[in-house]
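Contents: one structure, followed by commentary.
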Amino acid sequence: MADQTSLPDADFRRRFRSDLFRWYDQSQRKLPWRGETDPYRILVSEIMLQQTRVAVVEARYSAFLQQFPTVERLARAREASVLAAWSGLGYYRRARSLHAAAKEGARAGGFPKSSAALMELPGIGRYTAAALASIAFGEPVAVVDGNVKRVLDRVIGRPLSEPDYWESAQALLDRKRPGDFNQAMMELGAVVCLPGQPLCPKCPVAELCATRGPGEKRSEKPRNKAALNYLLFEKDGEVFLQQRPAENSLMPGMWELPPAASSHAVNGKKPLLKLKHSITVTDFVVKVFAGEKKTPRQGRWVALKSVNRLPLTGLTRKILAGFARER
């Protein structure tokens, strides 16, 4: 139970909603999923936006929906086709969960309309369920993500516990426009109440904010550093790829370049390509070397012009795009 002193009173809530909506209605970003009412399309956007920058999702959202315009089309698709369309967005478990949720939604003739029932679908947690239920169905349930937490921390004046975040967000929620309120809170955290230096002069609720500034910084763990080496076998417009084993915990079934068996195999050689790539908490330096000996036993040759039809790892997609630019 939240400390009652941290919960806004009725007058505060009224002013907060009014100021937030006045700003959001005039200044919200024009995003391809903004204003959408189809629960399937909203779900696609919410799953894509998990741990992926808005700019990246903007570029991929419409293309994904062109290929899978309805929940029924996605439900009927092969998993390999779904993963290929998702390639480059990362966290491929999300694509598999979205595919599984689409199958259940199509089988039931639509998605359930409450956040509690939505959480029973594969890969849909509390945040996604609340976002979908409030935006698509108008259920008065608040969402809490990283952006919302930052707004609440600063407005209330101290970091909150996980239960307190949800309780405080629910207390502030506008029950008549829950979907718009949730999107406005996330928008405020994304474009004004920034992590390092918030844009307080531009904040619509600055007068109600207890902090008006960066606030207390939370210590961040240093990122890990690592190196990856791959081999590129290419001939006659084809490239040799291998499929990750189905039992792999990370990106099972995805296609990638053969990794160099050891650092000794590439010592002293000049790489064809060098790039940086980040996965979760690790930053990698990636080097790609020409494959000179026989190709590995496992794998297959794929035409470069059709390689994107396969479910490639995001790193492999990046490498092949870099290779195409260097040719």
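The values are calculated or read from the model by the stated rules, or taken from the named source; none is laboratory data. From a predicted model like this one, the values you see are computed outputs, not experimental measurements. All Cβ positions, glycine included, derive from the backbone under ideal geometry; neighbour counts span all protein chains shown.
I need the full set of residues from region 169-185 which are farther than 17 Å from Q26 by Cβ and within 25 Å of the chain's Cα centre (by Cα), in order please.
Within region 169-185, A169, Q170, L173, P178, G179, N182 qualify.
How many of the residues making up region 175-208 are at pLDDT 95 or above, in contact with a Pro (Cβ under 8 Å, 6 or more places away or on another chain) and crowded, with 16+ Cβ neighbours inside 10 Å?
Residues that pass the stated criteria total 3.
Would you mind telling me which numbered condition in (1) assigned to a helix (DSSP H, G or I); (2) buried (at least 20 other Cβ atoms within 10 Å of the Cβ) R73 fails?
Condition (2) is where R73 drops out.
What number goes with the only condition from (1) outside any helix (DSSP H, G or I); (2) within 16 Å of the chain's Cα centre (by Cα); (3) modelled with pLDDT of 95 or more that H99 does not pass?
Among (1) outside any helix (DSSP H, G or I); (2) within 16 Å of the chain's Cα centre (by Cα); (3) modelled with pLDDT of 95 or more, the lone unmet condition for H99 is (1).
Would you confirm whether any residue within region 224-242 is in contact (Cβ under 8 Å) with a residue 12 or more places away in the chain, within 24 Å of A77 (Cα to Cα) and not acidic (D, E)?
Taking every residue of region 224-242 in turn, at least one turns out to be in contact (Cβ under 8 Å) with a residue 12 or more places away in the chain, within 24 Å of A77 (Cα to Cα) and not acidic (D, E).
If I ask for residues that are free of Cβ contacts under 8 Å to residues at least 12 places away in the same chain and closer than 17 Å to S81 by Cβ, which ones from region 277-318 would you list?
Hit for region 277-318 is S306, nothing else.
All but one of (1) under 23 Å from R53 (Cα atoms); (2) in contact (Cβ under 8 Å) with a residue 60 or more places away in the chain; (3) crowded, with 18+ Cβ neighbours inside 10 Å hold for L65; state the number of the condition that does not hold.
(2)
Condition test on L89, is it touching a Lys or Arg at 6+ places or on another chain (Cβ under 8 Å), closer than 27 Å to A184 by Cα and in the same structural domain as V191 (by TED's automatic domain parsing)?
yes
Pairs please, first residue from region 115-128 and crowded, with 19+ Cβ neighbours inside 10 Å, second anywhere and small (G, A, S) and assigned to a helix (DSSP H, G or I), Cβ atoms under 7 Å, 6+ apart in sequence or on different chains.
S115/A129; S115/A130; S115/A133; L118/A129; L118/A133; L121/A101; I124/A101
If E247 passes every condition in (1) in contact with a strand residue (DSSP E or B) (Cβ under 7 Å, 6 or more places away or on another chain); (2) modelled with pLDDT under 90 but one, which one does it miss?
Exception for E247: condition (1).
Out of (1) closer than 21 Å to L20 by Cα; (2) in a loop (DSSP other than H, G, I, E, B), the odd one out for F111 is which?
The number of the failed condition is (1).
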